[in-house]
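Here's the structure, in structure tokens; my notes come after.
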Amino acid sequence: MRKLLTTLASAAALMAVGPANAYLLFTGIDTNGNPEVQVASTNSSAAEASFKSNLSGVGTENFESRSGFAPLTLDFGAAGTATLNGSGSVSSNAVGASNGFGRYSVPGGTNYWEVNAGGNSPFQVDFSNALAAFGFYGIDMGDFEGTLKLQLSNNGNVVATLDVPTAAANVADGSILYFGFIAENAAEEFNSIRFLSTTGSGDVFAFDSFTIGTKEQVVRTLPEPTSLALVASTLLGLGLVRRRRT
């Protein structure tokens with residue numbers, strides 16, 4: 001009985017606290033290796049579709065009506081607006097073609113956000129609303145072994161840092177990544193994302209089709225801290241009742 005009670009107490013404690021940074025992640029990569037051509041966005045578009053299937057009424061910024069450098073105002077419709085600050089600029093490609101260096105708009109447009117991946121040149125997106133979901137395309141990431149992390153903050157307080165995967169260096173040239181995440185609880189919501197990229201060889205990344213969602217736009221059932229605490233206390237109560245009866 002003591003073992004049962006200990007197990008119940010441990011499970012209750014885990015559910016009450018919850019795992020740190022337990023975001024629901026969506027990732028798909030289409031490798032390429034040829035900087036001269038676009039690759040079909042099969043895996044990445046499937047990841048985008050899966051990500052968006054958990055959301056309703058969200059907005060996407062595809063940069064098609066944007067130009068120039070930061071600060072840049074972004075519009076996500078009902079999900080709110082944002083300001084893109086830091087390094088980078090809007091670049092373009094011919095429809096269906098690469099810019100010759102592995103970067104192009106996804107899916108099927110002409111404009112994208114381009115930034116040198118050096119550690120001293122991050123960019124940041126500050127949102128008008130607290131968000132629970134974010135997704136984007138990354139093109140030509142990692143061919144010079146550059147890496148990317150997303151630092152999420154809420155009112156200036158860092159709530160999480162997420163590692164973004166890339167293709168292997170030998171097939172990353174012109175590759176397409178989709179990366180999306182949904183917060184599992186209110187403590188993981190954010191209103192700012194800092195893109196922290198690093199490389200020692202002059203890697204350049206392209207980004208496109210930013211999608212955001214508030215907690216009201218998340219249609220999947222997410223556990224609430226109060227609900228978890230109720231389940232935890234119920235488990236403890238059942239354990240205590242069983243102990244009295246044995």
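The values are calculated or read from the model by the stated rules, or taken from the named source; none is laboratory data. Note that the coordinates shown come from a computational prediction; the quantities given were computed from them, not determined experimentally. With ideal geometry, Cβ positions are generated from the backbone for all residues, glycine too; neighbour counts draw on all protein chains shown.
List of remarks:
- Among the residues of segment 180-217, those that are part of a loop (DSSP other than H, G, I, E, B) and out of contact with any Leu (no Cβ under 8 Å at 6 or more places or on another chain) comprise THR199, GLY200, SER201, GLY202, ASP203.
- Among (1) at pLDDT below 95; (2) farther than 18 Å from MET141 by Cβ, the one test that ALA49 misses: (1)
- Residue within segment 147-156 that is among the aliphatic types (A, V, I, L, M), assigned to a strand (DSSP E or B) and crowded, with 22+ Cβ neighbours inside 10 Å present: yes
- Checked against the criterion of being polar (S, T, N, Q), modelled with pLDDT of 95 or more and touching an Asp or Glu at 6+ places or on another chain (Cβ under 6 Å), the candidates SER192, SER153, SER209 yield just one match: SER192.
- A Cβ distance below 9 Å, combined with a sequence gap of six or more or placement on separate chains, defines the contacts here; from segment 119-132, residues that are hydroxyl-bearing (Ser, Thr, Tyr) reach residues that are modelled with pLDDT of 95 or more and not in a loop (DSSP other than H, G, I, E, B) in the pairs SER128/THR81; SER128/ALA82; SER128/THR83; SER128/ASN191.
- Residue that is nearest to ALA40 (Cα to Cα), among those in segment 83-101 that are assigned to a loop (DSSP other than H, G, I, E, B) and of a type in the set (A, V, I, L, M): ALA97
- Odd one out for PHE127 among (1) in contact with a helix residue (DSSP H, G or I) (Cβ under 9 Å, 6 or more places away or on another chain); (2) modelled with pLDDT under 95: (2)
- Within segment 117-145, the set of residues being surrounded by fewer than 24 Cβ atoms within 10 Å (Cβ to Cβ), of a type outside the set (Ser, Thr, Tyr) and over 18 Å from VAL159 (Cβ atoms) comprises GLY118, GLY119, ASN120, PHE123, PHE144, GLU145.
Okay, residues lined up against (1) in contact with a helix residue (DSSP H, G or I) (Cβ under 7 Å, 6 or more places away or on another chain); (2) at pLDDT below 95; (3) buried (at least 18 other Cβ atoms within 10 Å of the Cβ); (4) part of a loop (DSSP other than H, G, I, E, B):
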{"residue": "LEU5", "(1), (2), (3), (4)": "yes, yes, no, no"}
{"residue": "ALA22", "(1), (2), (3), (4)": "no, yes, no, yes"}
{"residue": "VAL39", "(1), (2), (3), (4)": "no, no, yes, yes"}
{"residue": "ARG103", "(1), (2), (3), (4)": "no, no, yes, yes"}
{"residue": "VAL115", "(1), (2), (3), (4)": "no, yes, yes, no"}
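- Matching residues in segment 65-100 - criterion: being touching a residue at least 12 places away in the same chain (Cβ under 8 Å), of a type outside the set (Gly, Ala, Ser) and surrounded by 15 or more Cβ atoms within 10 Å (Cβ to Cβ): ARG66, LEU72, LEU74, PHE76, THR81, THR83, LEU84, ASN85, VAL90, ASN93
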